[in-house]
2 protein chains.
Amino acid sequence: MSVPEAIVLVSGGLDSCVSLAWAHRQGWGIRTLHVSYGQRTEKREEQAFHEIADHYEVPAERRLRISIECLRLIGGSSLIDRSMPVEAAELDRGALPTTYVPFRNTHLLAAAASWAEVCRADRIVIGAVYEDSSGYPDCRPAYYEAFQALLDVAAPGANLQVVTPLLHRTKGQIVRLGRSLDAPLDRTWSCYQATERACGVCDSCALRLKGFREEGIPDPIPYS
Amino acid sequence: MSVPEAIVLVSGGLDSCVSLAWAHRQGWGIRTLHVSYGQRTEKREEQAFHEIADHYEVPAERRLRISIECLRLIGGSSLIDRSMPVEAAELDRGALPTTYVPFRNTHLLAAAASWAEVCRADRIVIGAVYEDSSGYPDCRPAYYEAFQALLDVAAPGANLQVVTPLLHRTKGQIVRLGRSLDAPLDRTWSCYQATERACGVCDSCALRLKGFREEGIPDPIPYS
């Protein structure tokens, strides 16, 4: 039986780094895909993507960086539209935060699926988290079941599977898994708004800090 | 009850023109979305898009033209990769033709869905054809059922519906419908490889010509 070949979506954040570490530990062939879509911290995330891929010695021809211009044009999210402020974390706010990018993960997965079809990869790994999340609808388990069903009809015969190793883990469990896999957590970047020192107050920082706190260890990246 | 607001995907070809004519006849609010993805006939299709939108007096702020760069980067199709020849039509070839762009329609629908969420549209209209098609998997009815299921979980509460008015029509029936709706068929462009006079031999030309032949009328666009 041949070794699975995975396209791993690597934003450069904690979750995608641990997902890559996990796929690497499975012994799968690894290709890394980084997607820019006009988000505020685009350049900083891209730097993190390359440092993480360097750590795993992913060769240049197995890294793809693409830009999804249409999300920037369409807007509708404070991650993209710099005239909308990024809210401070309010993890039980009920409503969707302004950082939600409408239908974003479908664009990311579609890019991964197109690449997978061309290079004959059979896994797409995405670090979506449901338990400790901002409540985005495209981080729900039902979303990934529906996307898998779409893959089954859109790429019949490709046996392409979406894998979500973190979906049901808490942020503390993700930090623990990352440490147990020796993932380069110090290379990751999660903050939604800053690029030198993480702000510590946006949803993404708050969730990340919660993970390290639960594990009782310090977060290795700098905060303001 | 409010009037539905539709995002209509308009490539500039026969099928998308008739789909727009159909949505217009329903009395729906219309927004038109044109997607470039590095295809050979990109500029000619964009011209057709604008001429068709002009015909229906779609104002500029309701037209969106986006470019999906990643499909060009990923390649894998003779529509994009100019080193691969576009095959002559062989409509019962069994295998997928080289013009298939891996997972393309998912990118198009994701763009439409993102725009729909931002402008609160509740219909996405796409001129996919199953009966007389090149056998692309993302033109099958099961694909649209799966995408609808994805929308239901990814945009809960948006009541966003994918509408495929042509899915079960033959090309002859599409030409007839277009004529009965006074659609500007002379403004459309379907050819996969030429931009001045249609080649008449690619899959797209062959299917289109079949439609006009079935209806017993001449195709109004120029052929080599």
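Since every read-out is calculated from the coordinates, none of them should be taken as a lab result. All of these numbers come straight from a predicted model, not from anything done at the bench. Cβ sites come from the backbone with ideal geometry, for glycine too, and all protein chains shown count toward neighbours.
Inter-label distance, B:Glu196 to A:Gln47: 5.1 nm, where each label sits 7 Å from its Cα along the C-beta direction. Among A:Leu209, B:Leu166, A:Leu185, the ranking by other beta carbons within 10 Å of each residue's beta carbon, starting with the fewest, stands as A:Leu209, A:Leu185, B:Leu166. log₁₀ I(q)/I(0) of segment B:1-120 at q = 0.11, 0.13, 0.15, 0.17 Å⁻¹, via Debye over equal Cα point scatterers, no solvent, to two decimals? The computed values of log10 I(q)/I(0) come out as -0.42, -0.57, -0.74, -0.91. Rounded to the nearest 20 debye, the dipole magnitude of segment A:5-215 is 180 debye, with +1 charges on Lys and Arg beta carbons, -1 on Asp and Glu beta carbons, and the Cα centre as origin.
Run lengths n ≥ 4 of DSSP H only: what is the helix-derived mean residue ellipticity at 222 nm for chain B, with -39500 (n - 2.57) per run over all residues, to the nearest 500? Let's see the in-between values first.
Working: 7 runs with 85 residues, N = 224.
Helix contribution divided over all residues of chain B: -12000 deg cm²/dmol.
Can you put A:His34, A:His168, A:His50 in order, fewest other beta carbons within 10 Å first? Walk me through the intermediate numbers first.
Values: A:His34 24, A:His168 11, A:His50 19.
Neighbour counts put them in this order, fewest first: A:His168, A:His50, A:His34.
Within the straight-line cut-off of under 22 Å between alpha carbons, the lysines reachable from B:Lys210 are B:Lys171, sequence neighbours fewer than 8 places apart in one chain being disregarded.
Counting only alpha carbon atoms, the long axis of helix A:104-119 and the longest principal axis of chain A meet at about 30°.
Within segment A:25-101, which GluC sites (Glu not before Pro) sit in a loop by DSSP and count at most 10 neighbouring Cβ atoms inside 10 Å? Intermediate values should be presented prior to the final figure.
Working: sites: A:Glu42, A:Glu45, A:Glu46, A:Glu51, A:Glu57, A:Glu61, A:Glu69, A:Glu87, A:Glu90; in loops: A:Glu57, A:Glu87, A:Glu90.
Passing sites in segment A:25-101 are A:Glu57.
For segment B:104-150, a Kirkwood hydrodynamic radius built from all Cα pairs, placed in the Stokes-Einstein relation at 20 °C and 1.002 mPa s, yields a translational diffusion coefficient of 187 µm²/s. In nanometres and ascending order, the distances from the B:Pro218 label point to those of the other copies are 8.2 (point 7 Å from Cα along Cα→Cβ). Per-residue shielding of B:112-119, expressed as the average number of other chain Cβ atoms within 10 Å of the residue Cβ, stands at 6.
Among A:Asp122, B:Asp186, A:Asp15, what is the fewest-to-most ranking by other Cβ atoms within 10 Å?
Details: A:Asp122 18, B:Asp186 11, A:Asp15 29.
Listing A:Asp122, B:Asp186, A:Asp15 from fewest to most nearby Cβ atoms yields B:Asp186, A:Asp122, A:Asp15.
For segment A:151-188 versus segment B:42-75, the inter-centroid distance based on Cα atoms is 36 Å.
Label-point spacing at A:Asn159 relative to the other copies reads 4.4 nm, in ascending order, each point sitting 7 Å out from Cα along Cα→Cβ. Which one, A:Ala48, A:Thr170, A:Cys70, is farthest towards the positive end of the dipole of segment A:5-215 when Lys and Arg carry +1 and Asp and Glu -1 on their Cβ? Final value for the positive-end residue is A:Ala48.
Computed from Cα atoms, the angle from the helix B:141-154 axis to the main principal axis of chain B rounds to 30 degrees.
Compute the relative contact order of chain B as a whole-number percentage, counting only Cα pairs closer than 8 Å that sit 6 or more residues apart in sequence.
Values: 412 pairs, mean separation 56.8, N = 224.
The normalised contact order for chain B reaches 25 percent.
Shielding value for A:152-162 is 4, the average number of Cβ atoms from other chains within 10 Å of each residue's Cβ. Over the C-alpha atoms of chain A, the Rg to Rh ratio, Rh being the Kirkwood estimate, stands at 0.94.
Let me make sure I get this right: for the protein assembly as shown, a, b and c are the square roots of the gyration tensor eigenvalues over alpha carbons, sorted descending. Under 1.5 in a/c it's rounded, otherwise prolate if a/b > b/c, else oblate. Which is it? Walk me through the numbers before you get to the answer.
On the way: a/c = 2.33, a/b = 1.73, b/c = 1.34.
Prolate.
For chain A, the longest principal axis of the C-alpha atoms and the axis of helix A:14-25 are separated by about 30°.
Gap in Å between the Cα centre of segment B:25-40 and the Cα centre of segment B:78-131? After rounding, the separation between the Cα centres reads 13 Å.
The mean number of Cβ atoms from other chains found within 10 Å of a Cβ in peptide B:97-105 is 4, as a whole number.
Relative to 2.2 N^0.38 Å, what does the C-alpha radius of gyration of segment A:91-191 come to as a ratio? Two decimals please. Please list the in-between numbers first.
Details: Rg = 15.0 Å, N = 101, 2.2 N^0.38 = 12.7 Å.
Dividing the Cα radius of gyration by 2.2 N^0.38 Å gives 1.18.
Straightening the chain between A:Glu57 and A:Cys119 buys 20.4 nm, computed as 0.36 nm per residue apart minus the Cα-Cα spacing.
Between B:Ile52, B:Ile174, B:Ile74, which gets the highest mean-square fluctuation from a Gaussian network model of chain B, Cα cutoff 10 Å? Highest fluctuation of the listed residues: B:Ile74.
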